[in-house]
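See structure below.
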Protein chains: 2
Amino acid sequence: MYRDLMCGKVSLQNLDKKVKLAGWVSKRRDHGQLIFIDLRDKSGIMQIVFNPEISQGTHLKAKELRSEWVISVEGYVKNRLEGAENTEISTGKLELIVESIEILSKSKTPPFEIIDSNEISEEIRLKYRYLDLRRASMQKKIKLRHEVTQFMWDYLSKKDFTHIETPILIKSTPEGARDYVVPSRIKNGAFYALPQSPPQMKQILMVSGFDRYFQIARCFRDEDLRADRQPEHTQLDLEMSFVHQNDVMDLVEGLYINLIKNVNQSISIDNTFERLTYDQAMERFGSDKPDLRFDLELTELSEIAKNIESNIIQNSLRSKSILKAVVAKGWHTLGRRDFDRLTDLVKKQGAGGLIYINIPKGIDGQINLEDTSGPLNKFYTQENLDQIIAETGAKSGDVIFMIIGDKKIVNSSLAFLRSHIAKEKNLIDKNVMKFAWITDFPLFDQDENGSWQPAHHVFSSPHEEDTKFLDNDPGKVRANLFDLVCNGVELGSGSIRIHDRSLQEKVFDVIGYSASEVSNLFGHLLDAFEYGVPPHGGMGLGLDRLVAMLSYEDSIREVIAFPKTQSASDLLFGSPDFISEEQLSELSIELNEINE
Amino acid sequence: MYRDLMCGKVSLQNLDKKVKLAGWVSKRRDHGQLIFIDLRDKSGIMQIVFNPEISQGTHLKAKELRSEWVISVEGYVKNRLEGAENTEISTGKLELIVESIEILSKSKTPPFEIIDSNEISEEIRLKYRYLDLRRASMQKKIKLRHEVTQFMWDYLSKKDFTHIETPILIKSTPEGARDYVVPSRIKNGAFYALPQSPPQMKQILMVSGFDRYFQIARCFRDEDLRADRQPEHTQLDLEMSFVHQNDVMDLVEGLYINLIKNVNQSISIDNTFERLTYDQAMERFGSDKPDLRFDLELTELSEIAKNIESNIIQNSLRSKSILKAVVAKGWHTLGRRDFDRLTDLVKKQGAGGLIYINIPKGIDGQINLEDTSGPLNKFYTQENLDQIIAETGAKSGDVIFMIIGDKKIVNSSLAFLRSHIAKEKNLIDKNVMKFAWITDFPLFDQDENGSWQPAHHVFSSPHEEDTKFLDNDPGKVRANLFDLVCNGVELGSGSIRIHDRSLQEKVFDVIGYSASEVSNLFGHLLDAFEYGVPPHGGMGLGLDRLVAMLSYEDSIREVIAFPKTQSASDLLFGSPDFISEEQLSELSIELNEINE
């Protein structure tokens, strides 16, 4: 036995009793006569004391100890001297007077101290992940991930869901991102694919009558890694039979509210989630994943703009552009340089420029055009200004920002500006999670060649009343599709699926799949649809991102024990790596000339 | 809303109330005036009745219904007529008088009826897995798998374990079976491997101070699929710090005992598991995974054999052979043909032949040689027989089976014979699970070239007192290695790991890894060992096999929703399959000429 108690669990109950502890040397203070060590394990820290009067030999051994050595010690628990107490740790009133010690493992001087500090480069952290993970903050995040996952298991089990493992070696299909593939040794030239998410399999499970399925599922995407993607990520995948959209949303809403209240009491969360249609979200926030922790709603001013006698504006409007505005409250103090900076920012988002109207502080009642300033002010009439102010609700001391142009760009640029203002103005409470459902997405997007692509995936069902547009106007078809967003981030996406073969084939047709492609790629699902399918729907919800948000972290790498870098490599284990000629030959594959 | 109650949940509380149910048409009886349908969902079956006097239109629709159509019905719950009750289902006293019906999905005639019957070929079952999974027995097994997994989560969480997800895209290492590999698109020519089990990663987690880790982990092996292997399987993977072998065994023993009592009350299981060393298991049962549900222990008779004046026996003994026996109680009635059949069976296991002594029934006291029969009887003296009987404990009416030859073959043949006798004699109670720990395995096995290979894996630690043999007599080194076996099947394997760099390097040396191989394949682990490692150990335990045993199934395919065939292909989804030239070219790989 190396220990009979964990370091952080020593309490007054152990006073004057003999206990055995084991852990890492965290800090060491040699006072010549007495040596004090903070002994650390997962549960916390306990001060242990070596006194040559208690044991000469043990004290001698303690002199050798260095940071991160692993030891096991036995001794008596005593009260610390008055004044030597540490109120920051649970064991801070006690110490262990060591009678014997066993050195279990030595350590070189670590490349960084095992304390919570953000000053280590991520590269070093990932290379020495085993040391990085020793830090209390990393331990806490990984533990939180455990708690989140466990809560999901419990909650969904109680709601009569069955956890079912679906295969990881599956067939490659062309939906979504690029598949990772695995060469088959038995069937030469053939490949398995790793699942991007298991949508077809969970639909088959509904056909099988499992009624409610969930899985903590590993998903894989061979993408060019943007900011914060990983080649593999974890998803809470769920599917329900005999449900409408609201049933799925209600279930997930209940899960998330209870989950968050359970695992992080300092986070404030509403008791119901706001529900917005895609159109409403775009109109009010310029984004289908709006951050609702702050107001700053957008106002469309295209109608008013028609009466502004500026060529810039009139020319833009002629080409189907729109004008939208956002008001920054109390920002009248911004100077020319600030406006230039903000203009540069929105230009990077694609906007042609940034129009603003600065309303000075201290005006009571009517705001006169001549009191305001801004690049296009000379073109407005007082009536234009009155209408803009009435519509946006701007007040004395505010700045009205406006962008004109293509609808998509105006929305995305203002959505960006909105978030930027909120950050600069410190409008964001990091202890708030504001969830919302975004519904009624379009079923199809048109790509640059004019072809229709599924906006989310090919299995989402259209609104019944919109199916009439499938043939001639697919862009008008709304889907029974719903996203869960939180603080400006999409946390999950769901839909009610098509459960009818002919409707599914119709959708494949709109997208342009040939009959043979459909049969090869989706034949098994369509065949299953011939044998009695319940109406069903479900969601895939990112676990990594949720845990990162609950940990106040921006990057999902912070909540993954062994993440990969942006070039999809593992700095600790050194993957990917070259394999032997023998392995290649067994798989009947050859490498092309390598150009790196 | 398609339903407000599940079919199997309708009870007297709903009597005379209006309810809405949805499900599959399981059985349909058309009595002309009345149509009766068994409506099925996950929870069970409810009889629903269509009466034209209640609704002409609904009754008309009901006439169309066929097996496996999916419907939603609304009506009043009533008592069945006396005599029409079905005591086999929970809703058997009630029926629903349907007022309205919605047909949600039609079905072709399924290729087999959705009832529990074993008469369908596995190929058909796998091809139509979505129908196969509708059967109550399959639903139950998948549900049991859920319960087993959930219990593990709960139990281990309470014991302070943290569930940590380790990567699935890792680096290929040469231990164990063949790796599945995944070509990297970003680093051309390099590959990831899928984990066979995550041993190095969990060791790193111990170095990181997580103290107790577990994972329900997917593992992959590209093996030539023997009887009941799958390319991917699920493992309960766990690791603990500051532990000795007994700590790990105690923990797992507690988990399994509680788990089994919880999920299947009809199974009888001991309150402590037997513990046998590898040597004891081989001696007493000829196997390191003995089935302890029946006795039939082996007895070594090599010493006695020395005095038997048979050339066959003496020649065999000279070449280091051994003679061992097993007694089949009450098998005196076996005839010549039975013995021939049994001889053929053990010959298939590699044995040279089968010696037996048949002791007739009805002998009181001393058994005389001339009363017995058997192929070598003429060579025995009465003293030989007395000794054999004393040693084996055979009685009047028994048959003593003996095999002579190479130790390995004698053991494996008798172990096989032992199980065979138990099956033929019906000695096995299928409701008993007899667990045992097998300990003190040798650390190394010698392969046919005389090289030393790790008996289990390269990270297991040697007994401290045996490390002196590492240099000159590796075969003598016992390991801190322990298997969990049950009913003749290995359910898991564990060890206390090496946690010292130089000892680990020594073991690599015995196996014959070069310094550069060690550095390339295990460098990250050895580096981690430089920074303070706790003593640690753990296990990997097969989940599929455990659930199969708890379901009284021989094949793990019975407890996997979408298993693959023995040629590693998926008959439902059609994987593996060919991928596009574009995919291949992005990965910079080419296929060799395909020879199928």
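Which whole-number percent gives the relative contact order of region B:7-105, counting Cα pairs below 8 Å spaced six or more residues apart? Mind showing how you got there, number by number?
Details: 228 pairs, mean separation 32.3, N = 99.
Reported relative contact order: 33 percent.
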Exercise for the section: Could you give the spread of the C-alpha atoms of region B:518-580 along their three principal axes, from largest to smallest, in whole angstroms? Expected result: 49, 43, 15
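Using the number of other C-beta atoms within 10 angstrom as an exposure proxy, rank B:Arg497, B:Arg178 with the fewest first. Don't jump to the answer; show the numbers that get you there.
Details: B:Arg497 25, B:Arg178 19.
Ascending Cβ contact count within 10 Å gives the list B:Arg178, B:Arg497.
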Practice task
Treating the angle as unsigned and between 0 and 90°, give the value, to the nearest 10°, between the Cα long axis of helix B:245-263 and the longest Cα principal axis of chain B.
Solution key: 30
Completion exercise
Answer in debye to the nearest 20: the dipole magnitude of chain A about its Cα centre, from +1 Lys/Arg and -1 Asp/Glu charges placed on Cβ, is 2120
Handout entry: Percent of Cα-Cα distances greater than 12 Å, calculated over region A:1-41
Key = 65
Handout entry: Ranked list, fewest to most other Cβ atoms within 10 Å of each Cβ, for B:Glu95, A:Glu465
Key = A:Glu465, B:Glu95
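For region A:294-428, what's the relative contact order in percent, using C-alpha pairs closer than 8 Å and at least 6 residues apart? Numbers along the way, then the final one.
Working: 221 pairs, mean separation 49.9, N = 135.
Relative CO of region A:294-428 lands at 37 percent.
Whole number please: convex hull volume per residue of the Cα set in chain B, in Å³? Spell out each step's value before the answer.
On the way: hull volume 144.2 nm³, N = 596.
Here the figure is 242 Å³ per residue.
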Handout entry: Relative contact order, percent, chain B [alpha-carbon distance under 8 Å, six or more residues apart]
Key = 13
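I'd like the Kirkwood hydrodynamic radius of region B:390-520, using the inverse of the mean 1/r over distinct C-alpha pairs, in Å. Write down the numbers at each step before the final one.
Values: mean 1/r = 0.0562 Å⁻¹.
Radius from the Kirkwood sum: 17.8 Å.
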Completion exercise
Taking Rh as the Kirkwood radius computed over alpha-carbon pairs of the protein assembly as shown and applying Stokes-Einstein at 10 °C with viscosity 1.306 mPa s, one gets a diffusion coefficient in µm² s⁻¹ of 45
Practice task
Treat every Asp and Glu Cβ in the protein assembly as shown as -1 and every Lys and Arg Cβ as +1, leave all other atoms uncharged, and give the resulting dipole magnitude about the Cα centre to the nearest 20 debye.
Solution key: 1900
Handout entry: Percent of Cα-Cα distances greater than 12 Å, calculated over region B:30-69
Key = 58
Completion exercise
Longest principal axis of chain B (C-alpha) makes with the long axis of helix B:336-348 (C-alpha) an angle, in degrees to the nearest 10, of 80
Completion exercise
region B:294-428: spread of alpha-carbon positions along the three principal axes, whole Å, largest first, is 39, 33, 25
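Over region B:7-105, what per residue volume does the convex hull of the Cα atoms give, in whole Å³?
Values: hull volume 8.8 nm³, N = 99.
Each residue corresponds to 89 Å³ of Cα convex hull volume.
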Practice task
Would you compute, for the Cα atoms of region A:206-334, the largest minus smallest coordinate along each principal axis and list the three values in descending order, in whole Å?
Solution key: 64, 36, 35
Problem - Helix axis angle, A:515-528 relative to chain A longest principal axis, alpha carbon, degrees - result: 60
Problem - Sequence of B:Thr109, B:Thr299 once ranked by neighbouring C-beta atoms within 10 Å, starting from the fewest - result: B:Thr109, B:Thr299
Problem - Average beta-carbon neighbours from other chains, 10 Å sphere, peptide A:253-259 - result: 0
Practice task
Select from region B:250-339 those GluC sites (Glu not before Pro) which occupy a DSSP coil region and have at most 11 other Cβ atoms within 10 Å, ordered by residue number.
Solution key: B:Glu309
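Here, each number is a calculation from the coordinates, and none is a lab measurement. Not measured: the values here are computed from a predicted model. Glycine gets a Cβ as well: all are built from the backbone with ideal geometry, and neighbour counts include every protein chain shown.
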